[in-house]
Amino acid sequence: MPSTTSATRATTAADPGPLRPPWSARALVAAGLLVAAVAVTWLTFWWIGLSPASLAAGLDDTARLLRRMWPPDLSGTGDLAWMVAETLLIAVAGTGLAVLASVPLAFTAARTHRGPRWLRPAARVVVVLTRAVPTLAFAILFVRIFGLGPLAGALAVAVHSVGMIAKLLADAVEEADPAPAEAARACGAGEVQVAVSTVLPRVFPALTAIVLYRLDINIRASAVLGVVGAGGIGVALQTALGSLNYHRAAGIICVIVVLVLLLELLSVAVRRRTRAGRSTGDTSGAAALPAGRAPHDVGWDRGRVLRVAGAAATGVVFLASLCSLDLDPGRLSGAWPNLRGVLTGMWPPAFSGDLLMAVLESLLMALGAAAVGAACGLVLALLTAVNTTPWRPLSAVVRVLLVVVRGIPDLVYALLFVAALGLGPFAGFLALWISSTALAAKFFADSLEQLDPLPIEALTSVGARRSQTFAAGTWPQFVPSFTGNGLFVADMALRESVVLGIAGAGGVGYLMQESIATLRYDTTAAIVIAIAVIVYAIETLARIARRHLL
Amino acid sequence: MFRKSALGVVAMGAVIALLPACGAGPGSTRGAAADGDRSGELVFAAIPSEQSDNLEASFAPIIAALREDLGVPVRFQAVTSNAAVVEAQVAKRVDIAVYGAFSYYLARSRADVEPVAVPLAAPAGDPGAYAYGVTRGDDKSIASLKDVAGKDVCFTDPGSTTGYLQPLASLREAGVDADKDVKTVFTHGHDTAVASLLAGDCDLAFVGDVFIDQLLPARGLLKPGQVTKVWTSPLIPGPPIVVGTWLPQDVRDRIAKTVTGLTATGAASAGLCKGSEIKGPKNWGRHADATACTLGTSTAWTFVKADDATYQPIARICEITKAEVCTSGG
């Protein structure tokens with residue numbers, strides 16, 4: 001944007017009248033999405049019959065419930081430590097496997113991909129499908145193939161994570177500056193060489209942020225491991241909540257919050273390192289390279305040693321976690337008939353009017369929750385991101401607060417709102433809104449921190465105020481990832497709308513759980529197909545929007 | 001660009017500012033709104049179980065009968081979490097609920113509720129269910145619970161009475177300590193318990209009778225002879241209809257009278273489930289294959305009166321096992 005700004009300034013000197021840039025496709029897309037978000041939010045509010053007064057009236061009941069959760073019960077530290085280790089091993093193994101599959105998928109699915117034309121849509125379908133099918137469904141499939149145990153759990157976690165990691169990484173690849181890639185291509189580098197030498201280093205900070213965040217999600221979502229007979233902290237939490245043992249649940253939530261907080265610290269530290277490496281490289285890289293074909297050695301400094309050591313440590317942890325899965329090859333021989341049994345139960349998918357209605361209802365609630373969540377999340381993200389926060393200590397406070405909000409499971413929010421409001425869509429919507437807000441704030445803060453600092457510094461240096469820097473330096477850069485992440489939050493909210501069922505608000509998440517509980521796998525298949533179609537539609541919308549915004 | 005972006009920011013700010021004002025939206029008067037004053041309306045909540053295909057449809061005849069007899073609107077809520085239903089009852093926002101026997105045991109110390117009725121599976125049956133201990137058909141090493149020591153055992157999950165707590169208590173009485181003498185595998189569901197047993201992940205699985213006798217064979221997931229039943233539990237009380245004691249005594253009595261007066265075939269001839277009738281299962285004796293309605297679960301014949309004493313067996317199980325799920329404070 002610097003060129004636009006300078007052009008504006010030059011004309012301002014000649015003609016001081018109000019200036020408006022012409023309406024471009026970019027502005028129209030942005031305005032259209034905004035209007036759509038507001039409209040959907042209103043429609044949702046109308047649908048659920050929002051009434052803040054009844055929420056205020058019910059707060060006493062919520063306070064009483066909170067008092068019953070206090071104090072947290074942290075007894076049995078040895079058990080808890082073992083469960084944490086178990087959860088971590090499965091989450092690390094699952095996330096690591098997902099990364100291995102995601103990186104090539106993301107490069108193929110990105111708009112910048114230059115390979116065969118048919119590959120890109122194919123990669124996108126794979127990404128969407130892995131995302132649309134819930135972990136629970138994969139868990140059931142993998143249990144049939146590999147039997148009960150951590151292996152089935154790690155694979156279920158891995159397959160479901162591919163959808164998110166590949167999608168966000170593809171977005172980052174598209175946002176990366178194309179100039180270095182073109183330069184490498186002009187020198188005759190092949191596509192793989194271009195990807196490894198120019199694009200991968202650029203998206204590396206984003207990749208680490210995405211992977212650490214997915215690890216965070218996988219630790220919190222480890223309740224699904226109960227389905228595969230593996231233990232873990234999520235299963236303990238689910239049992240505690242199911243048996244109304246809130247003191248125990250509060251203790252486990254404390255442990256989860258500490259875990260997530262540690263991951264967040266790691267994420268901040270890693271990002272600072274990778275970013276520092278990039279900017280010093282920018283300045284010193286200009287130093288004369290040796291002429292001729294002699295290989296150039298970049299040398300070792302503290303930063304590079306730390307980066308390489310970090311990468312090696314990550315590799316070792318990942319391999320150790322893989323070893324803990326104890327693969328039993330003997331099981332694989334009987335896998336096919338078992339799998340066929342489940343798959344034939346899924347065919348033909350049982351579509352019905354009720355099901356489509358539930359999907360629409362969930363979609364509406366998810367879009368509404370995501371729109372409101374994105375608005376609130378943007379404010380929180382601006383307070384959190386180190387380059388936009390008005391005051392550093394505030395950034396730390398908001399960051400910790402967000403981690404606490406994320407660490408508390410949806411079921412607890414649902415309980416608190418159900419106590420205040422009774423069962424119904426309003427309570428479900430509020431619970432979904434809280435998780436969407438936490439999700440959006442995290443995504444936005446991460447991508448704000450990856451913005452190019454130069455336009456912002458340029459504006460600050462000519463005396464722009466904070467609000468002006470934001471409007472002219474930060475926001476125009478941020479629009480593409482704001483749109484992309486915002487739509488992704490909607491997509492996540494739809495898939496996580498199980499919480500609506502917890503609060504008695506029905507929807508597709510409820511039907512999914514009911515169909516799995518009652519062994520109606522044909523209904524499950526129909527739901528998965530419906531969700532996949534919608535997720536693909538949201539994804540396509542996001543792509544069209546980004547093509548006009550980038 | 002500058003102005004338009006600024007405009008975007010202002011618009012976004014306006015959205016946030018407008019949120020609280022949206023309360024006056026046209027939908028705020030909708031019946032489904034979860035507002036505080038429910039003006040005579042009763043809320044009926046239930047949790048999906050393996051035995052109901054479509055929860056709302058299977059409770060529809062009961063809801064219709066209650067609406068008719070009580071003369072007030074009854075709103076049905078399907079909820080996936082027992083904790084949410086219990087908390088809504090603590091806050092007196094759910095008047096009638098159906099959940100598992102163990103959930104009732106947990107709820108009775110927190111919410112002001114009492115059971116009024118329990119489903120009867122067949123005209124000549126008992127008000128409850130049995131847990132089975134099953135082994136693979138070709139495995140002859142286990143003949144009774146005493147032989148279980150040293151084996152791998154599949155339970156469903158720690159909060160299930162049929163799938164965990166009752167078997168645990170019976171194992172204890174047979175002299176087997178589940179913590180030390182067996183390897184415990186939680187499979188999360190009754191069907192997965194059977195699947196894991198057949199796959200060899202455990203040597204004995206504890207599952208509800210209805211799965212072995214009806215559901216799994218009917219869905220083609222279990223063939224005759226694949227499993228052998230080696231143990232049957234004492235009667236485990238069924239999932240009660242629980243009402244809030246904040247309702248006037250006469251209302252509670254009328255609810256009990258309405259549901260105990262219903263029979264599956266009677267409801268069908270009264271036209272309570274037009275279009276979604278089922279055929280009576282075999283264990284209904286002379287009513288087998290008769291046109292019937294679902295009463296909560298697809299196999300319930302009628303309801304019989306119940307009270308807190310009906311659920312004493314659960315308290316006894318908790319006394320024997322001292323299971324962690326029983327001892328929750330709060």
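Just so it is clear, none of the values below were taken in a lab; they were calculated from the coordinates. Just so it is clear, the structure is predicted and the values come from calculations on it, not from any experiment. With ideal geometry, Cβ positions are generated from the backbone for all residues, glycine too; neighbour counts draw on all protein chains shown.
Comparing Cα centroids, the stretch A:118-135 and the stretch A:231-258 end up 33 angstrom apart.
Relative to the dominant Cα principal axis of chain A, helix A:25-48 is inclined by about 20°.
As I understand it, the value is the acute angle between the Cα axis of helix A:425-449 and the longest principal axis of the Cα atoms of chain A; what does it come to in degrees, rounded to 10? Around 30 degrees separate the two axes. Normalising the average separation of contacting C-alpha pairs (under 8 angstrom, six or more residues apart) by the number of residues puts the relative contact order of chain A at 21 percent. In plain terms, if you count all Cα to Cα distances in chain B and split them into 20 Å steps from zero, the share in each step is 28, 49, 18, 5, 0 percent. For the protein assembly as shown, the gyration tensor built on C-alpha atoms gives a prolate shape. Its axis ratio a/c (a ≥ b ≥ c) is at least 1.5, and a/b is the larger of a/b and b/c. Basic side chains Lys and Arg get +1 at the Cβ, acidic Asp and Glu get -1 at the Cβ, and with that the dipole of the stretch B:131-234 about its Cα centre reaches some 180 debye. What do you get when you divide the Cα radius of gyration of the stretch A:65-137 by 2.2 N^0.38 Å, with N the number of residues? In units of the globular-protein estimate, the stretch A:65-137 measures up at 1.81.
Rounded to whole Å, give me the distance from the Cα center of the stretch A:354-418 to that of the stretch A:89-106. Cα centres, the stretch A:354-418 to the stretch A:89-106: 25 Å.
Could you tell me which of the pairs B:Lys140/B:Lys223; B:Lys140/B:Lys183; B:Lys151/B:Lys282; B:Lys92/B:Lys282 are separated by over 28 angstrom between their Cα atoms in the structure shown? Those over the limit are B:Lys151/B:Lys282; B:Lys92/B:Lys282. Candidate cross-link partners of A:Lys167 among the lysines, defined by an alpha-carbon separation under 23 Å and a same-chain spacing of 8 or more, comprise A:Lys442. Taking a cut-off of 18 Å, what percent of all Cα-Cα pairs in the stretch B:155-205 are separated by more than that? Value for the stretch B:155-205: 26 percent of Cα pairs lie more than 18 Å apart. When you count the other C-beta atoms within 10 angstrom of each residue and take the mean per peptide, A:44-53, A:417-426, B:67-76 line up highest first as A:417-426, A:44-53, B:67-76. Note on the protein assembly as shown: with charges restricted to the Cβ of Lys and Arg (+1) and Asp and Glu (-1), its dipole about the Cα centre is near 2520 debye. The mean number of partner chain beta-carbon atoms within 10 angstrom of a residue's beta-carbon across peptide A:514-524 is 5.
Peptides A:530-543, A:483-496 ranked from most to least packed, by the mean per-residue count of other Cβ atoms within 10 Å: A:483-496, A:530-543.
Our coupling estimate for the stretch A:62-74, obtained by passing each phi through the Karplus curve with A = 6.51, B = -1.76, C = 1.60 and θ = phi - 60°, is 4, 4, 4, 5, 4, 4, 6, 8, 8, x, x, 9, 10 Hz, Gly and Pro reported as x. For chain A, the longest principal axis of the alpha carbon atoms and the long axis of helix A:475-495 meet at an angle near 10°. Taking every residue in A:471-479 and counting other chain Cβ atoms within 10 Å of its Cβ, the average works out to 4.
How many angstrom lie between the C-alpha centres of the stretch A:428-470 and the stretch A:522-549? The stretch A:428-470 and the stretch A:522-549 have Cα centres spaced 26 Å from each other. In percent, rounded to a whole number, the relative contact order of the stretch B:131-234 is 45, using alpha-carbon pairs under 8 Å and six or more apart. With a 10 Å cut-off around each Cβ of B:182-195, the average count of Cβ atoms from other chains is 5. Taking only the alpha carbons of the stretch B:131-234, we obtain Rg and Dmax values of 12.2, 37 Å in that order.
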